[in-house]
Amino acid sequence: GNSVTQMEGPVTLSEEAFLTINCTYTATGYPSLFWYVQYPGEGLQLLLKATKADDKGSNKGFEATYRKETTSFHLEKGSVQVSDSAVYFCALNSGYSTLTFGKGTMLLVSP
Amino acid sequence: EAQVTQNPRYLITVTGKKLTVTCSQNMNHEYMSWYRQDPGLGLRQIYYSMNVEVTDKGDVPEGYKVSRKEKRNFPLILESPSPNQTSLYFCASSTWTSGGFSTDTQYFGPGTRLTVL
């Protein structure tokens, strides 16, 4: 079956540091890949997505590249801000709109 | 404003007392889904619906019911809640691209925190 594995958190960084959150997946077919973000007390919001191999999704300074050869979709940002503190979920959709989520990675950014 | 709304946002109840959590979307989406979020487990799908009167089980359907009588609404029903259903619940919706394509973005509601004593 489908599965998503993300690095465990919390990830603690200082403002302006470089961020990487690793995500690898197992899926049949050709899934679409997503990063969702959950700010404290809120629902999930789409951060970025990629729908085919070698696509790069980007938004708000975050980016992730769909790597089919390594089955990965790592999230990166060059310079994090305190306002980026949230929980980040990697997810895949291999068909029929069923999302499979990773367990989430909490990011804490200090001034 | 395009949104998914859920009510109530917080609910404390007792074992066995039937409850309904409502979900409504104003984006004319065909697809709607319910998830529960538990620490260390991420989000798991409970039920989903591809259109009016079409529903199917997700990964953790036991103890839950759903109905889809109108396109905009997708209520989650717990007929006899138990403490192991204490969780944070999210409703989501998206367009539905027939043929099984998977590019549609799901939009999530703000969540309902349920505590069953």
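Since every read-out is calculated from the coordinates, none of them should be taken as a lab result. Everything quoted here is computed from the prediction, not taken from an experiment. All Cβ positions, even for glycine, are placed from backbone atoms using ideal geometry, and neighbour counts span all protein chains on display.
Enumerate the whole-percent occupancy of each 5 Å bin, from 0 to the last occupied one, for all C-alpha pair distances of the protein assembly as shown.
1, 7, 14, 19, 19, 16, 12, 7, 3, 1, 0
Give me Rg over Rh for region B:10-112, both radii from the alpha carbons and Rh done the Kirkwood way, two decimal places.
Ratio value, two decimals: 0.96.
Across region B:19-26, in residue order, what do the Karplus-derived ³J(HN,Hα) couplings come to in whole Hz, using 6.51 cos²θ - 1.76 cosθ + 1.60 with θ = phi - 60° and x for Gly and Pro?
Calculated HN-Hα couplings, in order: 9, 10, 10, 8, 9, 9, 10, 10 Hz.
Could you sort out which of A:77/A:103; A:60/B:71; A:56/B:71 sit more than 29 Å apart by Cα distance in this structure?
Details: A:77/A:103 20 Å; A:60/B:71 33 Å; A:56/B:71 33 Å.
Beyond 29 Å between Cα atoms: A:60/B:71; A:56/B:71.
Going Cα to Cα from residue B:18, which aspartates and glutamates come in below 16 Å? Please leave out same-chain ones fewer than 8 positions away.
Result set, ordered by chain and number: B:62, B:79.
With the crude spin-label approximation of a point 7 Å out along Cα→Cβ, what separation in nm comes out for residue A:68 versus residue B:9?
4.4
Amide H of residue A:55 versus every other amide H placed in the peptide plane: which residues, excluding those fewer than 5 positions away on the same chain, fall under 5 Å?
A:66
Among DSSP beta bridges whose residues both lie in chain B, state the antiparallel percentage, nearest 5. If you can, show how the numbers build up before the last one.
On the way: 33 of 37 bridges.
Once the DSSP bridges in chain B are tallied, antiparallel ones form about 90 percent.
Have a look at B:73, B:51, B:28 and tell me which one the Gaussian network model of chain B (Cα, springs below 10 Å) gives the largest fluctuation.
Maximum fluctuation in the GNM of chain B, among the listed residues, is at B:28.
At a Förster distance of 35 Å, what's the computed FRET efficiency of residue A:81 paired with residue B:97, Cβ-Cβ distance as r, to 0.05?
0.50
Taking square-rooted eigenvalues a ≥ b ≥ c of the alpha carbon gyration tensor, is region A:11-111 rounded, prolate or oblate, where a/c under 1.5 means rounded and, failing that, a/b exceeding b/c means prolate?
Taking the square roots of the gyration eigenvalues as a ≥ b ≥ c, region A:11-111 is prolate.
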